[in-house]
Each structure stands twice: as structure tokens, then as C-alpha cells.
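Encoded as C-alpha cells, the structure appears first; notes follow it.
The values are calculated or read from the model by the stated rules, or taken from the named source; none is laboratory data. Bear in mind the structure is a predicted one, so any value in this text is a computation, not a measurement. Virtual Cβ from ideal backbone geometry, glycine too; neighbours counted across all protein chains shown. We work out accessible area using only protein heavy atoms, side chains counted, and drop any ligands, DNA or RNA first. Shrake-Rupley method; radii C 1.70, N 1.55, O 1.52, S 1.80 Å.
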Amino acid sequence: MWEQIRDNRIRSAVLVAGMGILLLLIGFFIGYAFLDDPLIGMIIAIIVWVIMNLVALLQGDNIILGISGAKKIGPDDHPRLYNVVEEMKIASGLEKMPDIYIIDDPALNAFATGRGPDHAAIAVTSGLLNKLNRDELQGVVGHEISHIKNRDIELMLLASILLGSIVMLAWYATRIGIFGGAGGRRTSGRGAGAAEIIIVVLGLLLLILSPAMAQLIYLAISRRREYLADASSALYTRYPEGLASALEKLASNNTKVRTANKATAPMYISNPYYMGAAGTGSDLFSTHPPLAERIRILRAMGGASYKDYETSYRSVKNESIIGKVTLEQIGNEAVAIRQPSAEPPPSDILQKVSAVRETSDLMWRMSSYRLLTCGNCGAGMKLPPAYKEKSVRCPHCGFINRI
Amino acid sequence: MVIAIIVLAIVIILVLIGIGIYNGLVGARNQMKNAWAQIDVQLKRRYDLIPNLVEAVKGYMEHERGTLEAVTQARNLAQSLASAGVAERARAEGELSGALARLLAVAESYPTLKANENFLNLQEELTSTENKISFARQFYNDCVLKYNNMIQMFPSNIVASLGRFKESEFFEVKAGAEREAPKVSFARPESK
């Protein structure tokens, strides 16, 4: 279970290589049209790419987490979430505990990011924490941990850097081409040969189409990996229904994540933009497979192994998702689905209140409030950051608590 | 001369393959040990949590002295077997899980206890520790399976027998002990 999903790695490598070639072609054309030397253009393209890489290496995940307004939490801030992440870390055999972030947002969503299994982070919205029970949360966290374990986060980082470089170069090249006139080479006295014209036309087409092409490749990578992360989540949790029921809640809650944007969208567990009714259509431009389909596949699983996911996927989509090699190596062992954790019935107000309180307490703490439990009656108190006294009287039982 | 070179080349290739397999075996064994250490960490954590739990619920559960004692005893037994073999340990830990689950199930019928924040925290920690133990066990058993497969399958079995790699035991909680346990914690007490 610890190997990456191998055939998929090859497929992804081909797609990333395709984006790389696209980038080099743009460089070639820029060099050819404006600089009289295709090689220099290609070198420029590579330099742009290297610089973007360095920026990402130095603070890639910080940027993403910063944009999303995520706040880092520790084991005491939200024990349930921290525990569930640690459970999935152990189940997946991941060596290092990922950082955990919370986004204060009523929408239901989560994502994983980072430079690799040792520098990874998982972010979930506070809405998710309020609405999901433990099994569902486990399914979602299992999905995100799979993105880390299957090295999807690195791949998506790599792909998004390539995408960014392509878009940037193409944008500048078309601007220069339009306003500066791409004629530098053709004024050199030689008549424009047919071959030269073809290259120029192809190059212009390339410049215009490449951002869209790169985007399509990017999305193709991300969609496929959503299914695979679902399969791994089912395997880690031994309980596909947890994730299925969580996705169902996600589908019925059509709130957008306020801080999501186009660049961060593919990272979320479900598309942060279009939810609800949009969850039925799948086209080339969607970052995520439709939720309804993912739920159907998870619910049709007869066991929790990769093989079961493959069978189920085949019955729904009539094609293969996990390659033969991987299945033979790791997926063939039969894995039974476990019993659901005994949860209080949904009508249990006490449990519901405590789940909401858990999250809201966390939000209080994040705004620098101090939470105190009365030493006598156990009532919870929230002290504003400005409260400087040494003790406080419990409003419930009158007991004086030292701070 | 030519034959000598060919033979030498074949020998070198075989040795290189052998080294590769050997390293693979060592890697698999280390991963397995690592996975075992994970289980160990969680089991120790559970030993540490149980006295706190017993302390926290003692005042509320005067009538459940038997349940409490069963948990304490199972814990002490499991801890005393901490350096015993895998199978023996698994049995003791399985019994502890069962006793603990019974205690947590009984605790459900004490509303005042359920309102106690200290108890709720302990309950969350114990539930999660139980989960972590079973996930760590799951991963450990996967590692053992992979390692044992390497030892049994050709051609790695040759290197394994030369390097004296021994098959490992699975950490299996006896079905009996587990069936006895109402699935941890939040379960409503059945007809209590």
C-alpha cells in the first residue's frame, strides 16, 4: 500500500513532459521571431521556469495557504481534527505529520499542498469540521493524505509552475508581437520562404492556444488523481461510506469558498466554485470529476481494496482507473470494509453542540482569546486578550480561578 | 579468455542483483520495524491514558467498580507483557480494548459524566488512540505481508535464506476479543 500508483506516475510524467515541450516550443518561437536565435528563446523560457521554481520552492505552500487565509493549528487547538489527521498519517505509513490549517469559512471543503511528503500541509474549512461526523472527516482527511502520499501535491506544484510559465511567456510574446511588430527577422533582406511563413503561423497559433492547452493538461492530471485519492482514502479508512457520505454533504452544501481562486481550485477535495447542481456535468474544463459520480463509485465498492475500487469504477464509467501493474503489485489483497464507528444518532443535540463548540472555541483562541475551564464546576470561560487580571470569578458557580 | 570474461560478467551481474535484493529485504524489514514502533507508541499512550480515565470517572461511577477494575487489571496485564511475543501481546491488548470499550459504553448512561469536559477530552483521546492502534496494526500487517512475500518468493527467497531473514508474525487481535467489544465509545448502551 506504500508504493505510489505506478502506471499513473508514468502517465503524469508524459503529461508534464508535454507541458515542458510546450514551454520549450514557445521559447523556440519567441527566439525565432524576436531574437534571431531560437536557442536564446529556449534558454529564456528555461530561465523563466527556473525562477518560478525557486519562488515556489522558497514559499510555495505559504503563498497558497496565505491566499486561502488558513491558520495553522496544534494538537490542543482542535483535538478531533488533529487526531483524525494523525490516524490517517499512521494508516498511510506517511513518515512525517503534515501541518494542519483551518480556514474560517462556512463552506465545506479541504485541500492538501506542499513540496513533498516531508513538507506537506492539509487545510480544512471550519464549516467542514462543524458538519461532518468522525467517519466522514476521516474519509476527507484520508483523501487529502493520499494526495500527499501519492505525491500528487508535488506533481500539481510542478504542473502549476509549468502552466504559470507558459501563460506568462505566451502573454508577453503576443503583446510584443502585436505592439512591437514581429518583423525583426524578416527585414533582413531575404525573401520570406514558405517554410519561414509556416513557422511564423504555427508559432502564433501556438502562442494563442498554448495557455488553454496547458490548462487542459493540468486539469486532466488533477481530475484523474481525484479518483485515485478516493480509492486510497477508502483503503486507508477501510470505510468507503465515510467519504461517500462526506461528499454527499459537500454536494448538498453549495457555498463557495470565499478565498479560493482559479489557481488553488484544483487542490480542493471538491470544486470550490461550482457545486450542487453543477456536480452532474463533467467536461474538459472542470478541475474535479462530478461528485455524484465519485459517490456512486464509492458506494458500489464491495471491499476496501484498490481492486474493489477498480471494479466499481469500471461498472460506473466502463473504463480502467488503476493500472494493471499496480493492481498486481498491491491491489489484489482482499480488504474487508470495517463497521462504522458507533456515532450518536443525528438527533443527539449534546453531541452536535459539542462539535460546534469545539470549532468555535478554536476560532476564539485564534483571535487571541484565552479559554479557561472553571476548576470547580467545569464551565468554560473566554477571556478577551485585554483581560490582564490574575484571577477570574466563574460566572456559573462563583469559584475564583487563578489564571 | 573470452569465456572467462563472460563468466566474470555473469557473476558480477548476479552479485549486483543479489545486493539489490538484499537491500530490498533490509528496507522491508526496517519499514516493518518502524511500523511496529508506531504500534508501540500508541499502546504506551493507552497505558498512560487509562489511569487518568479511571481517576476521572471513579467519582461518578460508584456502582461500576467491577468494570473499572477490569480495565485497570487488563491494562496492568498488557503492560507487563510489553516485552513478550507478538501473539501474546496481541491477545492482552485485545482484551484491554474490550474492557475499555465496555467502560466507555457504560459511561454513556451517566449524563453528568458526559457533560464533564475532562472526561470528554479523555474519551476523544482514547477513541483516537484505539483508532491509531488499529490503523498502525493495519499498516504493520501490510508491511509484514510484503516482507514475508519477499522471503517466500523466488528469487528473493535465496538471498533471504543466505542472509538469515526470518518471517514475521502478524499482529492479529483475536476475533473473539474484538467481537466482545461493542465498537468503541459513542455506542449507546444496549438496553441498559
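Restricting the search to segment B:19-39, which residues are under 19 Å from B:Q138 (Cβ atoms) and open to solvent by less than 60 Å² (accessible area, probe 1.4 Å)? Scanning segment B:19-39 gives B:A28, B:Q31, B:M32, B:A35, B:W36, B:A37, B:Q38, B:I39.
Here B:E69, B:E64, B:E130 are screened, and the one residue that is open to solvent by 20 Å² or more (accessible area, probe 1.4 Å) and closer than 28 Å to A:V335 by Cβ is B:E130.
For segment A:74-131, taking the residues that are open to solvent by 10 Å² or more (accessible area, probe 1.4 Å) and acidic (D, E), the one that is nearest to the other protein chains (Cβ to nearest Cβ) is identified as A:E86. A residue that is within 22 Å of the chain's Cα centre (by Cα) and of a type outside the set (D, E) cannot be found anywhere in segment B:108-121. Of the helices (runs of 4 or more DSSP H) lying entirely inside segment B:45-157, those containing at least 3 residues that are aliphatic (A, V, I, L, M) and under 25 Å from A:L235 (Cα atoms) span B:86-107, B:117-152.
Cβ-Cβ contacts under 8 Å between residues 6 or more apart (or on different chains), taken from a first residue in segment A:358-386 that is within 12 Å of chain B (Cβ to nearest Cβ) to a second residue that is aliphatic (A, V, I, L, M) and in a loop (DSSP other than H, G, I, E, B), are listed as A:L372/A:I403; A:T373/A:A379; A:G378/B:A115.
Is it fair to say A:K256 is in a helix (DSSP H, G or I), assigned by TED's automatic domain parsing to the domain that holds A:L65, modelled with pLDDT of 65 or more and over 22 Å from A:S315 (Cβ atoms)? So A:K256 fails the test. Of the listed requirements (1) outside any helix (DSSP H, G or I); (2) at pLDDT 85 or above, A:G114 misses just one: (2).
Residues are listed down the side, and each one gets a yes or a no for (1) in contact with a Gly (Cβ under 9 Å, 6 or more places away or on another chain); (2) modelled with pLDDT under 85; (3) farther than 27 Å from A:Q339 by Cα; (4) assigned to a helix (DSSP H, G or I):
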| position | (1), (2), (3), (4) |
| --- | --- |
| A:D135 | yes, no, no, yes |
| A:S146 | no, no, no, yes |
| A:Y172 | no, yes, yes, yes |
| A:T187 | no, yes, yes, yes |
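With the requirement that a residue be exposed (fewer than 13 other Cβ atoms within 10 Å of the Cβ), hydrophobic (A, V, I, L, M, F, W, C) and assigned to a loop (DSSP other than H, G, I, E, B), what does segment A:378-403 give you? Matches in segment A:378-403: A:A386, A:C397, A:I403. Just one of the numbered conditions (1) touching an Asp or Glu at 6+ places or on another chain (Cβ under 9 Å); (2) farther than 17 Å from B:K132 by Cα is not true of A:E95: (2). Looking across segment B:108-119, just one residue is open to solvent by 40 Å² or more (accessible area, probe 1.4 Å) and closer than 15 Å to B:P51 by Cα, and that is B:N118.
Suppose the filter is surrounded by 12 or more Cβ atoms within 10 Å (Cβ to Cβ), assigned to a helix (DSSP H, G or I) and either more than 12 Å from chain A (Cβ to nearest Cβ) or at pLDDT 90 or above (or both); does B:L16 pass it? No. If only residues of segment A:190-249 that are over 25 Å from A:K131 (Cβ atoms), of a type in the set (A, V, I, L, M, F, W, C) and touching a Pro at 6+ places or on another chain (Cβ under 9 Å) are counted, the one that is modelled with the highest pLDDT is A:L219.
Being among the β-branched types (V, I, T), modelled with pLDDT under 85, out of contact with any Leu (no Cβ under 9 Å at 6 or more places or on another chain) and part of a helix (DSSP H, G or I) holds for only one residue in A:V16, A:V55, and it is A:V55. For segment B:81-129, filtered to residues that are among the charged types (D, E, K, R), in contact with a helix residue (DSSP H, G or I) (Cβ under 8 Å, 6 or more places away or on another chain) and within 14 Å of chain A (Cβ to nearest Cβ), the residue that is farthest from A:P79 (Cα to Cα) is B:R102. Pairing each residue of segment B:25-49 that is within 12 Å of chain A (Cβ to nearest Cβ) with any residue that is in a helix (DSSP H, G or I) and among the polar types (S, T, N, Q), provided the two are 6+ apart or on different chains, yields C-beta distances under 8 Å for B:Q42/B:T129; B:R45/B:T129.
Each residue in segment A:85-98 was checked for being β-branched (V, I, T) and under 18 Å from the mean Cα position of the chain (by Cα), and 1 of them qualify.
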